[in-house]
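Colleague: One structure follows; several queries about it will come next.
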Amino acid sequence: MSAAEEVVTEAPAVEAVPKRAMTLGVGTSLVVLAALVIAPLFVKNFIIFQMTMLLIYGLAVLALNILTGGSGQFSLGQSAFYAVGAYTSAILMEHVGMNYALTLPIAGIICFGFGFLFGQPALRLSGVYLALATFALATAMPQLLKLGYFEHWTGGVQGLVVTKPDAPFGLPMGQDMWLYYFTLVITIGIYVASVNLLRSRSGRAFMAIRDNEIAASAMGVDVALYKTLAFGVSAGITGVAGGLGAIAVQFVAPDGYTITLAISLFLGMVVGGVGWLPGSIVGSAFIIFVPNIAESISKGLSGAVFGVLLFLVIFLVPHGARQVAIVAQQMLGKLKKH
Amino acid sequence: MELFTNQVLAGIATGAIYACMALAVVMIYQAIDHLNFAQGEMAMFSTFMSWQMMQWGVPYWGAFILTLALSFAGGIIIERLLFKPLAKAPVLTNVAGFIALYAIVNSVAGLIWDFTIKQYPTPFGSSPFLGSQLISTHQAGMIGITLLMLILLFVFFRFTRVGLAMRAAASLPESARLVGINTSWMIALGWGMAAAIGSVAGMMIAPVVFLEPNMMLGVLIYGFAAAVLGGLTSPFGAVMGGFLVGIFENLVGTYIPGVGNELKLPIALALIITVLVVKPAGLFGRPIVKRV
């Protein structure tokens, strides 16, 4: 058999998720929203800060979910986009003196462009090749940020310190609480936009590509365009999350955005359930609180705990939090009948 | 000119290590069609084991052989326990599995041996090789050990029944099964051999990059670059790719101003992306045609 004749039928990289199963019902959404609005009124500042980070990582996981769950492409390089967003916000705030809220759309746009350009070669790659290219991107990013040429702007190894904004209009709330509500509004906005995106014509195109690329292109979907678009949208949202993260942590440095962050985000997506957008917040809670608990037992343990849990998830509940939610729903349904 | 020769030889020496990593990656890729992102961490763990044995007083070559055997067994155990059940799972699940393995091995090595940088001995010494200033004895040793291993592997795959069975299982699993080859165990054997090859790479590069849990990340990325350049479907290509990438890295670092060690990883990234865009099948790989 000559080499070029070899033919491979490829299974879809990600199991198909029906469109309706990607979101929560209206009632459940409102309950979750109410909880997110009321909760910070009753807790300490540090917990408010952690809830802010919960939303920020939730956004980053959501972005990865759109890419993987929506269009079936992988990325192990989300930390790179997160870093670019964080640095864009930090540099604009500290060197240009721009208002923090205005830096976020710019971070989003720059990351969208970066993701779109990175997606150009990536669209020729599928599955493992894409995972490989993004893995290399994530490992290379800290070195790029440390480069001597940009040191004037990026602060080199030292990084940059970012000032935390005060609440505007003399609102009677602390910095942490203001930032929380600010982040919450942006998160809800992006969540609603993402849900609508996946329900739109573009979203259907993403899913067609995810389920069968060749069939999708035969149906008239511009595969190259929609694949890069998915990459760009995902990178853009991650960039906004990165910008918010820089403001919340008040600090950016190259070693904050290593491959470990990319692994965490990937883990958050798998735990939350690939293709189930509300799962992003579950995954985010997981990647914020599990390391805290693990590190309190022993330093350096969090990687092992992450890894073991990831294996447990892919063996026992391959659909992540979505599967748990469905089982819970069915049990509730049975209880009601009795 | 002497600088040029010097850098090419140094490139061949590090290239030998990249060739080993690339070969290990390609062996697993051939067997199960997935990239082992944890290959570097497995090699790092093996290297730590050999270091620990030497701390306990085992002589270098004794520790070397023991580590090879342990890594081989470890690779088989990992495949049987963790990746055999995932054989039919989607790509995403497999990638998640490799990432999980990466995190576990890295973190456990840090827990056992902590994150401080350690010296690692070389059995060859670091004096000039054969009185020439071009290459050190350790670099010559690295090249020698790699070549010896490659020859042994070639003989194994070419002239033994098990080697033939492994090649059959990798190229046409269905037909191999029909003629009575236990393809499942051939995959496990591939994992064991990949782990052993990786451990050789780890033990050879450790005197250069020093021993610590993150030591293999850069080596692994260059190993990937080498595998992609040579073609993921070709073990011979992976080895050639390794030497080419090693030479390329050294020459770029020497002759292009401002590109030193601090751009090591971005160069590998650029290399991977360029190859994937220009010639996705690599120099020696075969193109793959897809069907709906």
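Colleague: Under a point-charge model restricted to the Cβ atoms of Lys and Arg (+1) and Asp and Glu (-1), what is the dipole moment magnitude of the protein assembly as shown relative to its Cα centre, in debye to the nearest 20?
Modeller: Computed about the Cα centre, the dipole is about 1660 debye.
Colleague: Net charge within 13 Å of A:Ala86 by Cβ-Cβ distance, Lys/Arg positive one each and Asp/Glu negative one each, not counting A:Ala86 itself?
Modeller: Numbers: positive: none; negative: A:Glu94, A:Asp255.
Residues near A:Ala86 contribute -2 overall.
Colleague: With springs only between Cα atoms under 10 Å, which of A:Ala253, A:Ala230, A:Ala140 fluctuates most in a Gaussian network model of chain A?
Modeller: A:Ala140
Colleague: Could you tell me the center-to-center distance, by alpha carbons, between segment A:143-186 and segment A:191-235 in angstrom?
Modeller: Distance between centres, Cα-based: 33 Å.
Colleague: Partner chain Cβ atoms within 10 Å, averaged over the residues of B:270-276 - can you pull that number for me? Write down the numbers at each step before the final one.
Modeller: Details: counts 2, 1, 8, 9, 1, 0, 9.
Taking the mean over all residues of the peptide, I get 4.
Colleague: Something else: Would you mind working out the magnitude of the charge dipole of segment B:2-278 relative to its Cα centre, with +1 at each Lys and Arg C-beta and -1 at each Asp and Glu C-beta, to the nearest 20 Debye?
Modeller: Here segment B:2-278 has a charge dipole of around 680 debye.
Colleague: Under the definition of partner shielding as Cβ atoms of other protein chains within 10 Å of a residue Cβ, what is the mean value for peptide B:138-151?
Modeller: Per residue, the average neighbour count from other chains is 0.
Colleague: Counting alpha carbon pairs within less than 8 Å and at least 6 residues apart, what relative contact order, in whole percent, applies to segment B:2-278?
Modeller: Worked out over segment B:2-278, it gives 40 percent.
Colleague: Treat every Asp and Glu Cβ in segment B:1-140 as -1 and every Lys and Arg Cβ as +1, leave all other atoms uncharged, and give the resulting dipole magnitude about the Cα centre to the nearest 20 debye.
Modeller: It works out to roughly 280 debye.
Colleague: At 7 Å along Cα-to-Cβ for each site, give me the label-to-label distance between B:Phe210 and B:Leu172 in nm.
Modeller: 5.3 nm
Colleague: Eigenvalues of the Cα gyration tensor times 5, then square-rooted: what semi-axes does that give for segment A:39-260, in whole angstrom, largest first?
Modeller: Square roots of five times the eigenvalues give 31, 22, 13 Å.
Colleague: Please work out how much length the chain gains when fully extended from A:Leu102 to A:Asp211, using 0.36 nm per residue of separation minus the C-alpha to C-alpha distance, in nm with one decimal. Numbers along the way, then the final one.
Modeller: On the way: separation 109, 0.36 × 109 = 39.24 nm, distance 3.78 nm.
Additional length available on full extension: 35.5 nm.
Colleague: Something else now. Which helices of chain B meet both criteria: a Cα extent of 27 Å or more along the helical axis and a mean Kyte-Doolittle score no lower than -1.0, with helices taken as whole DSSP H segments?
Modeller: Values: long enough: B:2-32 (44 Å, 1.45); B:91-113 (33 Å, 1.75); B:137-159 (32 Å, 1.74); B:183-209 (38 Å, 1.52); B:235-255 (30 Å, 1.15).
In chain B, the long hydrophobic H runs are B:2-32, B:91-113, B:137-159, B:183-209, B:235-255.
Colleague: Counting only other residues whose beta carbon sits under 13 Å from that of A:Pro254, what net charge do I get with K and R as +1, D and E as -1?
Modeller: So the surrounding residues net to -2.
Colleague: Within segment B:32-69, which residues have the backbone N less than 20 Å from the label spot 7 Å out from B:Thr160 along Cα→beta-carbon, could you tell me?
Modeller: Under 20 Å, as judged by backbone N against the label point of B:Thr160, lie B:32, B:64-69 of segment B:32-69.
Colleague: Another question, if that's okay. When you count, for each residue, the other Cβ atoms within 10 Å and take the mean per peptide, how do A:186-197, A:80-91 rank with the highest first?
Modeller: By packing density, highest mean first, the sequence is A:80-91, A:186-197.
Colleague: Sorting A:Lys336, A:Lys44 on the 10 Å Cβ count, fewest up front, what's the list?
Modeller: Lowest to highest Cβ neighbour count: A:Lys336, A:Lys44.
Colleague: For segment A:39-260, what does the relative contact order come out to in percent, with C-alpha contacts under 8 Å and a separation of six or more?
Modeller: It comes to 45 percent, rounded to a whole number.
Colleague: Take every residue in peptide A:301-309, count the Cβ atoms of other chains within 10 Å of its Cβ, and give the average of those counts. Mind showing how you got there, number by number?
Modeller: Numbers: counts 4, 2, 13, 10, 3, 6, 12, 4, 2.
Mean inter-chain Cβ contacts per residue within 10 Å come to 6.
Colleague: Can you find, among B:Ala24, B:Phe72, B:Asn6, the residue sitting farthest towards the positive end of the charge dipole of segment B:1-122, where Lys and Arg contribute +1 and Asp and Glu -1 at Cβ?
Modeller: Positive-most Cα among the choices belongs to B:Phe72.
Colleague: Indicate the gyration tensor shape class of the protein assembly as shown (rounded, prolate or oblate), computed on the Cα atoms with a ≥ b ≥ c the square roots of the eigenvalues: a/c under 1.5 is rounded; otherwise a/b larger than b/c is prolate and the rest oblate.
Modeller: Prolate.
Colleague: Using only Cα atoms, locate the centre of segment B:30-109 and the centre of segment B:200-269, then give the distance between them in Å, rounded to an integer.
Modeller: Taking the Cα centre of each part, segment B:30-109 and segment B:200-269 sit 20 Å apart.
Colleague: Same structure again: Return the calculated 222 nm mean residue ellipticity for chain A, to the nearest 500 deg cm²/dmol, obtained by summing -39500 (n - 2.57) across DSSP H runs with n ≥ 4 and dividing by the residue count.
Modeller: Details: 14 runs with 229 residues, N = 338.
Taking each H run of at least 4 residues, the total per residue is -22500 deg cm²/dmol.
Colleague: How far apart, in nm, are the 7 Å Cα→Cβ label points at A:Gln158 and B:Ser126?
Modeller: Each label point is offset 7 Å from its Cα along the Cβ direction, giving 3.2 nm.
Colleague: Here's something else I'd like to know. Packing-wise, with mean Cβ within 10 Å as the measure, how do B:223-233, B:103-113 rank, highest first?
Modeller: The packing order, highest mean first, is B:223-233, B:103-113.
Colleague: Please work out the FRET efficiency for the pair A:Asn45 and A:Asn292, using the Cβ-Cβ distance as r and a Förster radius of 22 Å; give the result to the nearest 0.05.
Modeller: Once the sixth-power term is evaluated, E becomes 0.85.
Colleague: Starting from the Cα of B:Tyr255, step 7 Å toward the Cβ, then list every residue of segment B:1-26 with an amide N under 12 Å from that point.
Modeller: Within reach of a label on B:Tyr255, which here means backbone N under 12 Å from a point 7 Å along Cα→Cβ, segment B:1-26 contributes B:1, B:3-5, B:7-8.
Colleague: May I pose another question? Kindly state, to the nearest 0.05, the FRET efficiency for A:Ile326 paired with B:Trp185, given R0 = 25 Å and r defined as their beta-carbon distance.
Modeller: It comes to 0.10.
Colleague: Right, here's the next one. Can you give me the C-alpha center-to-center distance between segment A:57-72 and segment B:155-186, rounded to a whole angstrom?
Modeller: Computed from Cα coordinates, the inter-centre distance equals 40 Å.
Colleague: Right, something else. Put +1 on the Cβ of every Lys and Arg and -1 on every Asp and Glu Cβ in the protein assembly as shown; which of A:Leu36, B:Ala109, B:Gly237 then has its Cα farthest towards the positive end of the dipole?
Modeller: A:Leu36
Since every read-out is calculated from the coordinates, none of them should be taken as a lab result. All of these numbers come straight from a predicted model, not from anything done at the bench. So basically every Cβ, Gly included, is an ideal-geometry build from the backbone, and we count neighbours across all protein chains shown.
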